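A.B. asks: One structure, as structure tokens, below. Some questions next.
The values are calculated or read from the model by the stated rules, or taken from the named source; none is laboratory data. These figures come from a predicted structure and were not determined experimentally. Here the Cβ positions follow ideal geometry from the backbone for every residue, glycine too, while neighbour counts run over all protein chains shown. SASA here: full protein model, heavy atoms, side chains in, ligands and nucleic acids out. Shrake-Rupley method; radii C 1.70, N 1.55, O 1.52, S 1.80 Å.
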Amino acid sequence: MSTTQANKIEIIKAPNTKINEVDFDNLNFGSVFTDHLFECDYKDGEWQNPTIKPYAPFMMDPSSRVFHYGQAIFEGMKAYKDDNNDIWLFRPDENVKRFNSSAVRMAMPEIPESLFMEGLNQLLKLDEAWIKKGLGNSLYIRPFMIATGYGVVANPSNEYKFMIILSPAKAYYSGEVKVIIAEHFSRAANGGIGAAKTAGNYAGQFYPTSLANKDGFQQIIWTDDATHTKLEEAGTMNVFFRINDTLVTAPTSERILDGVTRKSIIAMAKKEGIAIEERPVLVSELIEGIKNGSLKEIFGAGTAAVVSPIKGFAYKNEYFELPEIENSVALQLKEKLTNIQHKLAEDPFGWTVKI
Ligand SMILES: *Cc1c(COP(=O)(O)O)cnc(C)c1O
């Protein structure tokens, strides 16, 4: 664990706001940022100079380790505003915990939860006008850490920068998603870094995903690297399958990211009395299920889209489409979860945290 001085945050306010230049009805996900950011540097074995300042580019040494050796981790979470103008986070402690376990895996320093949360809370209060009310509106929060120590020497940096940036978001509709089941490429391997939210995991997906895009598919369902027989994640989301009336999803492992949306859906399903199984799901079950009609739904689960229904999949050059259904469990769970997040429904789990 790293140490820190008392979290006294210096605040440098932007001279004016960019908010009036933003068309909140036509936001492209992750492309507009608020007026301020939070920053804190790790030097001489401790976190120092926590600062909120105007959002702006910054300078780095070209030999900074992040450019050469990829020590970079991030999180994705959201803030919501209710009808009383109160601001809410959804299970933020889970994000802090995961951020620190990603840090450990990438040989980076952990950040004290109090510093992370204090920086985030003050940043949200300062930029609160960017959080719009109403179902579908949210502020996407992107905390990240990079290795800033210089020198092209292949060992862990001794200096790091932690930042939080904020981006207003509308409900994210992925459209009709068709996926390819991976037979060659892998997202993660046993003993690897698949369970960490680290930049390289995404970089490694871009090429195989671009090949899938060329064939008219939006995403890849990743399978286990050793045998390519088990279904593990859909793109950058966890994945659920509905077989008859049972939801199934792979258990978390070194190859699977422990998603907050995934675990929330599992908890909600249990409470609703929906049968749910966490167990390895085989490609062969999927093919069998689509042939005999027992496979009803497939959906991805993650913070950005919450739930993203999948329409069909390709496997070994054959395309299979799911039947139209009336009562989508995916959409029911999505509605329940977004209502909890937006404070439009009771939160029996105590997941929402007011700032
Ligand atoms: C972030 C992420 C998820 C989803 O996690 P949430 O906490 O639900 O947003 C799933 N898979 C991968 C690979 C991810 O990086």
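A.B. asks: Among the listed pairs Lys8/Lys125; Lys230/Lys263; Lys81/Lys197, which have their C-alpha atoms separated by more than 24 angstrom in this model?
C.D. replies: As for pairs spanning more than 24 Å Cα to Cα, those are Lys81/Lys197.
A.B. asks: Need the C-alpha centroid separation for the range 51-70 versus the range 175-232, integer Å.
C.D. replies: Here the two parts' Cα centres lie 28 Å apart.
A.B. asks: Using every pair of alpha-carbon atoms in the chain, split the distances into 20 Å bins beginning at 0 and state the percent of pairs per bin, rounded to integers.
C.D. replies: For the chain, the binned pair fractions read 28, 57, 14, 0 percent.
A.B. asks: What is the sum of charges, Lys and Arg at +1 and Asp and Glu at -1, for the other residues whose Cβ falls under 14 Å from the Cβ of Gly200?
C.D. replies: Values: positive: Arg65, Arg105, Arg187, Lys197; negative: none.
Around Gly200, the charge tally is +4.
A.B. asks: Can you give me the Cα centroid spacing of the range 256-299 and the range 301-343 in angstrom?
C.D. replies: With the range 256-299 and the range 301-343 each reduced to a Cα centre, they are spaced 11 Å.
A.B. asks: Alpha carbons only, please: Rg and Dmax for the range 255-306, in angstrom.
C.D. replies: Considering the range 255-306 through its Cα atoms, Rg and Dmax are 12.7, 33 Å.
A.B. asks: If you don't mind, another one. Starting from the Cα gyration tensor of the range 226-267, take the square roots of the eigenvalues, sort them a ≥ b ≥ c, and report rounded, prolate or oblate (rounded when a/c is under 1.5, otherwise prolate if a/b is larger than b/c, else oblate). Please list the in-between numbers first.
C.D. replies: Working: a/c = 2.01, a/b = 1.16, b/c = 1.73.
The shape class here is oblate.
A.B. asks: Only four residue types carry charge here, +1 at the Cβ of Lys and Arg and -1 at the Cβ of Asp and Glu. Report the dipole size of the chain about the Cα centre in Debye, rounded to the nearest 20. Before the final figure, lay out the partial values.
C.D. replies: On the way: 38 positive and 45 negative charges, 30 e Å.
The calculated dipole for the chain is roughly 140 debye.
A.B. asks: OK, next. Given a 1.4 Å probe and heavy atoms of the protein chains only, how would you sort Ser138, Ser31, largest accessible area at the top?
C.D. replies: Values: Ser138 5, Ser31 70 Å².
From most accessible down to least: Ser31, Ser138.
A.B. asks: At 1.4 Å probe size, what's the solvent-accessible area of His342? Round to the nearest 10 Å².
C.D. replies: Accessible area, nearest 10 Å²: 10 Å².
A.B. asks: A further question on this structure: Report, in cubic angstrom per residue, the convex hull volume of the C-alpha atoms of the range 189-338. Write down the numbers at each step before the final one.
C.D. replies: Working: hull volume 16.5 nm³, N = 150.
Enclosed volume per residue, from the Cα hull, is 110 Å³.
A.B. asks: Further question on the same structure: By how many degrees, 0 to 90 and rounded to 10, does the Cα axis of helix 199-214 deviate from the longest principal axis of the chain?
C.D. replies: Once rounded, the angle reads 40 degrees.
A.B. asks: Do me a favour and compute the ellipsoid semi-axes for the range 3-169 from its Cα gyration tensor, root of five times each eigenvalue, largest one first, whole Å. Write down the numbers at each step before the final one.
C.D. replies: Working: eigenvalues 161, 57, 47 Å².
After scaling each eigenvalue by five and taking roots: 28, 17, 15 Å.
A.B. asks: For the chain, what is the mean residue ellipticity at 222 nm derived from helices alone (per DSSP H run of n ≥ 4: -39500 (n - 2.57); sum divided by total residues; nearest 500 deg cm²/dmol)? The partial results should precede the final answer.
C.D. replies: Values: 7 runs with 85 residues, N = 355.
Result for the chain, helices only: -7500 deg cm²/dmol.
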